[in-house]
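Trainee: First the structure, which I've put down as structure tokens, then a few questions once you've had a look.
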Amino acid sequence: MRLPRDLLSGTYTKPRLFLCETDKKKICGLETIGMNASLKFNAYSELTFTVPRTYTNMVTGETQVNPHYNKIEALRLVYLEGFGYFEIQDPEIISDGIREVKNITAYSLEYTLSQKYLENLKINTGEVDSLEVINANNGLIVPITLYNEGNKNISLLNIILEKIYGWKIGHIDSSLKEMGRTFEISRVSVYDFIIQEICDKFNCFAVFD
């Protein structure tokens with residue numbers, strides 16, 4: 001992604017930031033102080049910024065309270081135009097008795113997958129409690145592959161994302177779809193399973209959109 005660029009001056013401009021509900025519905029635009037983004041390819045990205053409780057009305061010159069200030073809270077989303085959605089963590093409120101601000105840290109949306117866990121998961125081990133055995137059809141055991149569009153029960157990506165709200169599977173390289181690997185997991189986050197287990201064993205990378 002690239003920063004917006006002014007065609008006349010050739011300079012880059014600050015991308016717009018919007019406060020959103022957890023379902024991505026926009027609430028309002030946000031005027032921020034000191035916005036910084038640490039954008040990463042193989043880990044979740046981080047966005048930090050500060051929002052003051054009051055602002056100066058450019059028309060009247062009056063100091064007014066930001067009507068959406070109290071809605072800037074943990075688990076709501078912000079949308080950084082051109083870059084994607086970030087989940088707000090617990091805001092840090094700073095006040096000197098006269099001026100109050102919220103210091104915000106937000107992580108790119110795939111961070112939510114680090115808070116969802118897979119437990120007691122066996123894939124392609126051949127044991128009675130391994131999913132390919134459990135999902136056998138009339139005694140026919142079919143190995144679980146990375147992605148099976150016709151049968152979600154033997155599609156690894158469908159299995160791990162089955163109960164995760166808001167995520168769907170996008171492009172899968174055709175060379176990977178029919179590959180199968182063995183996994184035996186006691187407890188691991190969905191994010192770590194994708195980044196560490198799947199990417200390592202299938203020699204691939206994941207792009208979260």
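The values are calculated or read from the model by the stated rules, or taken from the named source; none is laboratory data. All values reported here derive from a predicted model rather than from experimental measurement. Backbone-built Cβ (ideal geometry, glycine too); neighbour counts: all protein chains shown. The protein model used for the area step is the full one, side chains on, heavy atoms only, and it has no ligands, DNA or RNA in it. Shrake-Rupley method; radii C 1.70, N 1.55, O 1.52, S 1.80 Å.
Trainee: Considering Thr50, Thr60, Thr56, Thr22, which residue is at pLDDT 95 or above and either open to solvent by less than 60 Å² (accessible area, probe 1.4 Å) or out of contact with any helix residue (DSSP H, G or I) (no Cβ under 8 Å at 6 or more places or on another chain) (or both)?
Mentor: Values: Thr60 fails: at pLDDT 95 or above; Thr56 fails: at pLDDT 95 or above; Thr22 fails: at pLDDT 95 or above.
When all the criteria are applied, what remains is Thr50.
Trainee: So the check is Cβ under 9 Å with 6+ separation or different chains; which pairs have a first residue in the stretch 86-106 that's modelled with pLDDT of 95 or more and a second one that's small (Gly, Ala, Ser) and in a loop (DSSP other than H, G, I, E, B)?
Mentor: Sorted first by the residue in the stretch 86-106, then by its partner, the pairs are Phe86/Ser45; Glu87/Ala74; Ile88/Ala74; Gln89/Ala74; Asp90/Ala74; Pro91/Ala74.
Trainee: For Ile172, only one of the following conditions fails: (1) among the hydrophobic types (A, V, I, L, M, F, W, C); (2) under 25 Å from Tyr44 (Cβ atoms); (3) open to solvent by 40 Å² or more (accessible area, probe 1.4 Å); (4) part of a loop (DSSP other than H, G, I, E, B). What is its number?
Mentor: All conditions are met except number (3).
Trainee: Now for a separate question. Residue by residue through the stretch 132-161, note down the ones that are under 17 Å from Glu197 (Cα atoms) and touching a strand residue (DSSP E or B) at 6+ places or on another chain (Cβ under 9 Å).
Mentor: The first filter runs over the stretch 132-161 and keeps only residues under 17 Å from Glu197 (Cα atoms), leaving 144-147, 155-161.
Result: Ile144, Thr145, Leu146, Tyr147, Ser155, Leu156, Ile159, Ile160.
Trainee: Quick one: which of Glu184, Glu197 is in contact (Cβ under 8 Å) with a residue 60 or more places away in the chain and open to solvent by 30 Å² or more (accessible area, probe 1.4 Å)?
Mentor: Glu184
Trainee: Pairs please, first residue from the stretch 32-50 and under 22 Å from His68 (Cα atoms) and in contact (Cβ under 8 Å) with a residue 24 or more places away in the chain, second anywhere and open to solvent by less than 30 Å² (accessible area, probe 1.4 Å) and among the basic types (Lys, Arg), Cβ atoms under 9 Å, 6+ apart in sequence or on different chains.
Mentor: Thr50/Lys102
Trainee: Contact list please: Cβ distance under 7 Å, first residue in the stretch 127-142 and surrounded by fewer than 13 Cβ atoms within 10 Å (Cβ to Cβ), second residue assigned to a helix (DSSP H, G or I) and among the hydrophobic types (A, V, I, L, M, F, W, C), pairs at least six apart or on different chains.
Mentor: Glu127/Val133
Trainee: Of everything in the stretch 147-169 that's assigned to a helix (DSSP H, G or I) and open to solvent by less than 20 Å² (accessible area, probe 1.4 Å), which residue is nearest to Tyr117 (Cα to Cα)?
Mentor: Ile160
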